[in-house]
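The next block holds one structure in the form of structure tokens; read it before the comments.
The values are calculated or read from the model by the stated rules, or taken from the named source; none is laboratory data. From a predicted model like this one, the values you see are computed outputs, not experimental measurements. All Cβ positions, glycine included, derive from the backbone under ideal geometry; neighbour counts span all protein chains shown.
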Amino acid sequence: MYDFPEVAIDDINKFAKGQGYAVATFRTKTDKQTPPTVRKIWLRCAKGRAYTNTSRERLTSSRMTECPFEATLTRTPIRWGLEVKDPNHNHPAAVDPIALPQHRQRSYDINRTIADILGSSIGATKILTNLLKKDITISIQDIYNERKLNKKRLLGGLTPIQALIKSLSEHGSDDPNLKYYFAYKEDDSNRVKYLFFAHPELIKFFWKNPNILLLDCTYKTNKFKIPFLHAVGVSNTG
């Protein structure tokens, strides 16, 4: 018996993880009260859904096997009761629980840990190794997905160029001495043709040492195919 269905499902999956299986909710039943209250939850094997190929261009595969395993969680006047309707599986147990997405679901704290690590320059493979050492069940694809979501959150609905211009505009807005100088030009399609930016301290440095500038325009590794011109000044001390 369980106090909450979420606790029951978590407990079931903890047990199933050691056996190489996982369960998922596929149906619920509510009463006619206002607001409606969930009275019964049907659980099935993580591979229990029937697979339907929706692709018209190629044949695809699936981990779904229409596994017959089924269980229910029923609300009683006191607690939630568990009943296994069919304990059988029609597929072998997973060798590694990482193959089942139910065992890769992460808490908020774990997601924050991953986001903090992704903010560094560490590669995805090393991040995966570090997280596995912390007993966090995760795959390399999960890290790629989390990196993509983290980038999307940081952009806040803007394109990368829009986010950069916004960041340059806001940086040091309370102090003119810290505010970046920048300028950009757009083409007829409102696409940025060029963008120049420089920190105010570097501009002061240039006015004091304007004789030598080292220009490097070999950076062409951005997806916008815009060359990156890097200017470095030289002072009288080298």
*Would you call Ser120 of a type in the set (Ser, Thr, Tyr), loosely packed, with under 13 Cβ neighbours inside 10 Å and either under 30 Å from Ala16 (Cβ atoms) or out of contact with any Cys (no Cβ under 9 Å at 6 or more places or on another chain) (or both)?*
yes
_Give all pairs with beta carbons closer than 8 Å in which a residue from region 201-220 that is part of a helix (DSSP H, G or I) meets a residue that is hydroxyl-bearing (Ser, Thr, Tyr) and surrounded by fewer than 11 Cβ atoms within 10 Å (Cβ to Cβ); count only pairs at least 6 apart in sequence or on separate chains._
Phe205/Ser235; Lys208/Ser235
*Does region 37-45 contain any residue that is under 21 Å from Val95 (Cα atoms), surrounded by 16 or more Cβ atoms within 10 Å (Cβ to Cβ) and either at pLDDT 85 or above or not polar (S, T, N, Q) (or both)?*
yes
_Residue list for region 79-101, filter: closer than 19 Å to Ile9 by Cα, among the acidic types (Asp, Glu) and either touching a residue at least 60 places away in the same chain (Cβ under 8 Å) or loosely packed, with under 11 Cβ neighbours inside 10 Å (or both)_ = Glu83
*asked:* Checking the structure you have, find out if any residue of region 212-219 is under 30 Å from Pro101 (Cβ atoms) and surrounded by 10 or more Cβ atoms within 10 Å (Cβ to Cβ).
replied: no
